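Data first, discussion second: the structure below is written as structure tokens.
What follows is calculated from the coordinates using simple rules that are stated; it is not laboratory data. These figures come from a predicted structure and were not determined experimentally. FYI the Cβ positions are ideal-geometry reconstructions off the backbone, even for glycines, and counts take in every protein chain you see.
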Amino acid sequence: MKKTILILSFAALTGTVFAQKKTTTSATVAFDASTSIDNLPKAENKTVIAAINTTTGTIAFEAAVKNFAFTNPMMQDHFNGANWMNSDKFPSFTYKGTITNLSAVDFSKEGSYKVTTEGTIIVKGVEQKIATPATIVVKGTNVVATADFSIKLADFGITGAPIDGGKVAKEPKISINAVLN
């Protein structure tokens, strides 16, 4: 009997510990670098790995550069090429950070919560600190995280004639949507 209670207690504790980390392999990261001259520099990656620890507030995202899909295949080739993202040398983008106002979120209660995240984004091997507003929605056992922000391409060493000529925005808009369970 004691052995059964011990095993059940361990199983309950293990379930609680694992429930603190919510993950997905199908988060979406989209960017829009369109301008008034060219509306094609848009891409989306629907295979982003994401995790959130509901106890500590740590969050992480990793996106394979080659998984960003463009409507124009030539644009996708340029994006992955050595002059732009150099995806053979730098195969992923990453973000690691924390929710700075974690106490504003009640992960045990359904609802929508406005948060701020602070962390480090790495693009082409260049690290930049960023802070961005985000929304956490608790729905059943799922946590939906969304954020919209911009980055400066020059901060990551991304330059070139299309940017200088106004065909690609200097500060593309980034949108994140992750359903974690």
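Taking one quarter of the surface of the C-alpha convex hull of region 91-181 gives a mean projected area of 6.7 nm².
A DSSP coil position with no more than 14 other Cβ atoms inside 10 Å describes the following trypsin sites (Lys or Arg not before Pro) in region 108-181: Lys109, Lys152. Measuring between alpha carbons in the structure, the pairs from Lys66/Lys114; Lys22/Lys173; Lys96/Lys152; Lys22/Lys152 lying more than 24 angstrom apart are Lys66/Lys114; Lys22/Lys173; Lys22/Lys152.
With the charge dipole of the chain set up from +1 on Lys and Arg Cβ and -1 on Asp and Glu Cβ about the Cα centre, the Cα lying farthest toward the positive end among the listed residues Thr71, Gly160, Val126 is that of Val126.
Neighbour counts of other Cβ atoms within 10 Å put Leu180, Leu102 in the fewest-to-most order Leu102, Leu180. Among Glu127, Glu44, the ranking by other beta carbons within 10 Å of each residue's beta carbon, starting with the fewest, stands as Glu127, Glu44.
When all alpha-carbon pairs of the chain are counted, what percent fall beyond 30 Å? Result: 28 percent of Cα pairs exceed 30 Å. In a reduced charge model with +1 at each Lys and Arg Cβ and -1 at each Asp and Glu Cβ, the chain shows a dipole moment near 660 debye about its Cα centre.
Straight-line reach from Lys129: taking Cα to Cα under 13 Å and skipping same-chain neighbours fewer than 8 places apart, the aspartates and glutamates in range are Glu118, Asp155. Using the Cβ of Glu171 as centre and a radius below 11 Å, the other residues enclosed give a net charge of +1, where K and R count +1 and D and E count -1.
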